[in-house]
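Have a look at the structure below before the remarks.
The values are calculated or read from the model by the stated rules, or taken from the named source; none is laboratory data. If you're wondering where the values come from, they're calculated on a predicted model, not measured in any experiment. Positions of Cβ are generated from backbone atoms using ideal geometry, with glycine treated the same way; all protein chains shown enter the neighbour counts. Calculation scope for accessible area: heavy atoms of the full protein, side chains included, ligands and nucleic acids excluded. Shrake-Rupley method; radii C 1.70, N 1.55, O 1.52, S 1.80 Å.
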Amino acid sequence: MAFQTPQDPSTQSALAQGLDKRDWIAGLEKGLSIIEAFDDAHSRMTASQTGERCGMTRTAARRYLLTLQHLGYVATDGKLFWLTPRVLRLGQSYLESARLPRVVQPFLQRVTAGTNEIAYVSVMDGDDIVYVARNGSNRSMNTGFVLGSRVQARVTAAGMLMMALRGPEWVDRWLADHELKAYTSHTIDNKDRLRLELARVRQQGWAVSEQQLELNYRGIAVPLIDHHGDLVGAVSVSMPMGHESTEDALRRVLGVLQETARAMRNLL
């Protein structure tokens with residue numbers, strides 16, 4: 001009798017959301033999970049280590065890794081495997097084909113012109129935000145918010161805003177399932193405090209995050225709403241704090257962000 005592995009959570013979720021089992025390609029799911037298994041803490045892995053992170057055997061993981069190597073997405077020295085720059089084509093395909101980044105780009109130029117700060121549009125993906133559009137000159141920032149960068153949502157203004165607008169029930173479930181890591185001495189790593197902060201953000205309709213991910217940097221964000229009234233992302237700026245107070249920064253940039261978000265609404 002052939003051994004059948006149990007369906008993993010993503011498979012169960014997809015089928016529960018209405019995808020016909022006959023249309024589900026498990027091999028594609030597993031191949032993508034191999035690519036996503038690599039991160040800053042796991043930049044080079046053996047087949048066994050990759051299999052452990054993906055919930056598959058060493059033999060299965062090795063077959064997927066060798067296939068990805070043949071396609072150019074993975075390189076190996078015979079023992080360790082690592083991703084190649086070809087993987088960036090996957091993200092670049094989104095940035096070049098998706099409508100949202102193209103629509104918002106001219107508006108981000110207005111934000112930069114009106115604030116002299118780097119402007120971003122980001123969307124939620126799981127527990128992270130992903131920057132899908134930006135405008136402004138580069139600064140020396142450890143976090144390096146380039147296009148496609150992923151950052152923990154809860155330590156950014158844009159991420160806190162999008163989390164808050166999902167509602168208190170969603171926030172309670174999220175907090176119950178996650179531990180809060182501190183990135184700086186200013187990171188909110190207490191669940192009760194974060195719950196209160198998200199409630200405040202939800203009530204006021206915009207967010208400020210100061211020094212939660214990187215010292216001496218501040219982010220301010222407003223929601224990006226489409227013409228149906230649905231939340232599609234956030235418009236934000238990131239800036240060095242310098243000697244400018246929070247209140248002065250808000251007076252300088254919040255109105256520009258809100259006006260820009262309103263101007264984009266009918267185009268989304």
key: Quarter of the Cα convex hull surface for the range 127-268, i.e. its orientation-mean projected area (nm²)   = 8.6 nm²
remark   = Expressed per residue, the solvent accessible area of the range 118-232 in Å² (1.4 Å probe) is about 47 Å²
message = Compute the helix-to-body angle for 99-115: its Cα long axis versus the longest principal axis of the chain, expressed 0 to 90° and rounded to tens.
response = 30 degrees
message = Loop-only trypsin sites (Lys or Arg not before Pro) in the range 179-257, please: DSSP not H, G, I, E or B, and at most 14 other Cβ atoms within 10 Å.
response = K181
ask   = If you line up the long axis of helix 88-97 against the longest principal axis of the chain, both from Cα atoms, how many degrees apart are they, to the nearest 10?
value = 50 degrees
ask   = Where a ≥ b ≥ c are the square roots of the eigenvalues of the C-alpha gyration tensor, would you call the range 82-169 rounded, which needs a/c under 1.5, or, failing that, prolate if a/b is larger than b/c, or oblate?
value = rounded
Share of carbon and sulfur in the accessible heavy-atom surface of the chain [1.4 Å probe, %] = 50 percent
request  = Please say if the chain is rounded, prolate or oblate, where rounded means a/c under 1.5 for a ≥ b ≥ c the square roots of the C-alpha gyration tensor eigenvalues, and otherwise the choice is prolate for a/b larger than b/c and oblate otherwise?
outcome  = prolate
remark   = Rounded to the nearest 10 Å², the accessible area of E247 using a 1.4 Å probe with every protein chain kept is 110 Å²
Sequence-distant lysines (8 or more away, or on other chains) whose Cα lies within less than 18 Å of K30 = K21
query = What net charge is computed for the residues neighbouring A249, neighbours being all others with C-beta under 13 Å from the C-beta of A249, Lys and Arg scored +1, Asp and Glu -1?
reply = -2
note = Using a 1.4 Å probe on heavy atoms of the protein chains only, the accessible area for I25 in Å², nearest 10, reads 110 Å²
message = Just to confirm a number: summing +1 for Lys and Arg and -1 for Asp and Glu over residues other than V104 whose beta-carbon lies under 12 angstrom from that of V104, what do you get?
response = +4
remark   = Helix-only [θ] at 222 nm, the chain, -39500 (n - 2.57) per DSSP H run of 4+, per residue, nearest 500, equals -14000 deg cm²/dmol
ask   = the range 64-159: which trypsin sites (Lys or Arg not before Pro) are DSSP loop and have at most 10 other beta-carbon atoms within 10 angstrom?
value = K79
key: Tensor-based shape of the range 32-108 (alpha-carbon gyration tensor, a/c under 1.5 rounded, otherwise prolate or oblate)   = prolate
message = Which lysines, if any, have their Cα less than 19 Å from the Cα of K181, not counting same-chain residues under 8 positions apart?
response = K191
